[in-house]
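I have placed the structure first, in the form of C-alpha cells, so that the comments after it can refer back to it.
Where a number appears in this text, it was derived from the coordinates with a stated rule and is not lab data. This is a predicted model, so every value here is computed, not measured. For neighbour counting, all protein chains shown are included, and Cβ atoms are generated from backbone atoms with ideal geometry for every residue, glycine included.
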Amino acid sequence: MNTMTIAIDGPAAAGKSTVAKKVAEELSFIYVDTGAMYRALTWKALQKGISLENELSLAELLQQTDLNLVQSKNGQRVMLDNKDVSDEIRTDDVTNKVSIVAKHKLVREEMVRRQQELVKDRGVVMDGRDIGTHVLPDAEVKIFMIASVEERAERRHKENVEKGYQSDIQQLKEDIRKRDEIDSNREIAPLVKAADAIEVDTTAMGINEVVARILTIVKEKS
Ligand code: C5P
C-alpha cells in the first residue's frame, strides 16, 4: 500500500490537481504535478526568448534546468533553478503556450525520465496527460478524469473571480478547447484514456465526492 502508484490523467482544468493533492494527503503519499514541470520549462523558455517550436534548444534548456517540487506550508511549490516560480507558471501566457512545448519528443523523454525517478519505492499520486499510458504504465490505479468544457470553464472562472483576476468565460472556454485539441492530437504521448483506466466524469460532482470516489477505488485495488 505504501508504494502504490496512482495515475490521474485528463483534459485541462478538470480538477485533477486539486483532487490528486487531497488523495495524496489522505494516503500520506507524495503528489507530483507533472503539468507544473512543463509549465516551468515554458516559463524559462519565454524568459530567455527561446522559440517554443525549437525542439533542440528546448531540450538543451531542460538539460541545464534544475526542477523541483517541494512541500512547504503554502502547499507544493515549484522550484526552478532554486527560484520559486509557482505563481509565474500559472499566468495566461504560460497556460496558453505550454502545450506547444509539451509536443516535443526530446522534451517529453527527459520529463518522463525525471518523473519516473521521483516515484522509486514510494507511494505517489501523479497527475498529467500521459501518466497512465507512458510515465507509470504499471500504476495500480489509473483514473481518467473528465468534465464538460462548460463546467471546466465555469470552475476556472469562479477561481479567477475569487482571486480578483480578470476573467472572461467565453475566452476560457476557447483556451481550454484549444489546449485539449493540441494535447489530444500531438504525435508523442497524446492525451488518451489508458485501456485500464477508470473514467470519472466530475461534471456534476463536488471535489470531496471525487476524492471519496477515488479513495474507494484505491481501497478496492489494495
Ligand atoms: O496539468 P496542467 O494543465 O498544468 O498541464 C499543462 C500542460 O502541460 C498541458 O496542457 C499539456 O500540454 C502539458 N502536459 C503534458 N503531459 C503531462 C502533463 C502536462 O503534456 N503529463
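Counting DSSP beta bridges with both partners in segment 5-217, what percentage is antiparallel, nearest 5?
On the way: 8 of 25 bridges.
Around 30 percent of the beta bridges assigned by DSSP in segment 5-217 are antiparallel ones.
Taking label points 7 Å from Cα along the Cα-to-Cβ direction, residue 161 and residue 212 give a separation of 2.6 nm.
Going by C-beta contacts inside 10 Å, put 168, 121, 9 in order with the fewest on the left.
Details: 168 12, 121 7, 9 27.
So the ranking, lowest neighbour count to highest, is 121, 168, 9.
Taking a point 7 Å from the Cα of residue 55 along the Cα-to-Cβ direction, the residues of segment 165-186 with backbone N closer than 18 Å to it are 182-186.
Modelled label positions at residue 72 and residue 87, each set 7 Å beyond Cα in the direction of Cβ, lie 1.1 nm from each other. Extension gain for residue 25 to residue 48 (0.36 nm times residue separation, less C-alpha to C-alpha distance): 4.7 nm.
Go ahead and estimate [θ] at 222 nm for the chain from helices alone: -39,500 (n - 2.57) per DSSP H run with n ≥ 4, summed, over the residue count, rounded to 500.
Working: 8 runs with 107 residues, N = 222.
After summing the helix terms and dividing by the residues of the chain, the value is -15500 deg cm²/dmol.
For residue 46, neighbours were defined as the other residues whose beta-carbon sits under 11 Å from its Cβ, and their charges (Lys and Arg +1, Asp and Glu -1) total +2.
Looking only at Cα atoms, what is the convex hull volume of the chain per residue, in Å³?
Values: hull volume 26.9 nm³, N = 222.
Per-residue hull volume (Cα only) is 121 Å³.
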